[in-house]
Amino acid sequence: MSLLLVGPVLVGLAAGYLTGGRLRWLAEQPLRGLWLLYAAAGVQLLTHVPPGSRLLSATAQRWLTTLVFATVGVAMLINLPHLSRPARAGIAVVLTGAALNGATILPNGHMPVAPTALHDVGAAPTGPTLDPHHTVGTATTRLAALGDILPVPWLDVVVSVGDVVLMTGVALLVAALMRGNDRRITPVEMVRD
């Protein structure tokens with residue numbers, strides 16, 4: 001799963017460089033509320049890594065996941081007025097992906113995972129609940145098409161349409177932030193970087 005987190009950032013970095021952006025310009029972005037993102041990452045880690053994942057009840061983990069989504073959303077929204085139009089578009093795509101995931105998580109209590117997709121990645125569920133965040137989809141699953149239905153066999157994971165949209169948004173956002181406020185690179189800067 002870590003490649004699904006790092007991959008979009010790497011794609012965004014490559015796209016940023018290919019479109020004239022610079023890592024230095026990304027670092028110079030006046031982003032607000034970064035502490036919210038760090039806090040969300042810490043809570044997310046707590047709910048996914050032992051011993052936190054074992055000590056928290058499924059209900060507590062769901063509430064904490066909701067808190068993570070809300071915190072990241074707030075961090076992105078407070079930065080909207082200060083970012084370039086392409087960066088705002090990236091944030092809109094990220095939030096759309098998160099909303100698609102939330103649309104199926106909320107009515108089901110978990111992210112439903114299609115049994116056929118699990119089979120396609122060589123996973124054999126041992127019960128209806130895969131972990132505190134995922135459950136095997138059934139005939140009664142609501143909005144199952146928005147669940148984890150897309151097998152990625154070479155990574156042994158199943159992702160959702162929302163995940164794909166969200167990852168695309170992250171790549172777009174990173175690439176846009178590397179462009180600064182849509183600066184143009186000069187030949188001197190090209191040699192320096």
### Query
Of the conditions (1) aliphatic (A, V, I, L, M); (2) more than 30 Å from Ala139 (Cα to Cα); (3) modelled with pLDDT of 90 or more, Leu100 fails just one. Which one is it?
(2)
### Query
How about the range 124-167: which of its residues are among the aliphatic types (A, V, I, L, M), at pLDDT below 90 and more than 23 Å from Gln61 (Cα to Cα)?
Ala124, Leu155
#### Entry: Within the range 4-120, helices (runs of 4 or more DSSP H) holding 1 or more residues that are more than 13 Å from Val174 (Cα to Cα)
34-48, 52-55, 58-79, 85-108, 115-120
### Summary
The condition of being surrounded by 13 or more Cβ atoms within 10 Å (Cβ to Cβ), out of contact with any Leu (no Cβ under 6 Å at 6 or more places or on another chain), over 24 Å from Met178 (Cα atoms) and free of Cβ contacts under 8 Å to residues at least 60 places away in the same chain holds, among Leu36, Leu56, Leu64, only for Leu64
### Message
For Ala98, only one of the following conditions fails: (1) touching a residue at least 40 places away in the same chain (Cβ under 8 Å); (2) among the small types (Gly, Ala, Ser); (3) over 23 Å from Leu146 (Cα atoms); (4) buried (at least 18 other Cβ atoms within 10 Å of the Cβ). What is its number?
### Response
(3)
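The values are calculated or read from the model by the stated rules, or taken from the named source; none is laboratory data. What you see is a predicted model, and the numbers here were worked out from it, not measured in a lab. A quick note on method: Cβ atoms are made from the backbone with ideal geometry, for glycine too, and the neighbour counts reach across all protein chains shown.
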